[in-house]
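Just so you know, all these numbers are worked out from the coordinates, no wet-lab data involved. Everything numeric in this text was worked out from a predicted model, so none of it was measured. Ideal geometry is used to build each Cβ from the backbone, glycine not excepted, and the neighbour counts take in all protein chains shown.
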Amino acid sequence: MIYACDNCHFLFSDSSTPEACPDCGKKDIRPATPEEQTEFKLYSNENVWVEKTD
């Protein structure tokens, strides 16, 4: 499932219900909205290790 942190706005996936945000450590987490899930999937498919050329 994909979760969102209301404190730092970090989007992350976890197979179990997390107790705190893995980025900031706050407990202000909730299931991600459909829009946030789409955003997470777009970013998770991006290869950040490849240099883009124009």
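Hand me the GluC sites (Glu not before Pro) from region 13-43 located in a DSSP loop with no more than 13 other Cβ atoms within 10 Å, in residue order please.
Values: sites: 19, 35, 36, 39; in loops: 19.
Loop-located and lightly packed - 19.
Taking every Cα-Cα distance in the chain and sorting them into 10 Å bins from zero, the calculated P(r) comes out as 25, 46, 21, 7, 0 percent. Does anyone have the angle between helix 34-44 and the longest principal axis of the chain? Alpha-carbon axes, 0 to 90°, nearest 10? Long axis of 34-44 versus the principal axis of the chain: about 50 degrees. Region 1-20 and region 28-46 have Cα centres separated by 9 Å.
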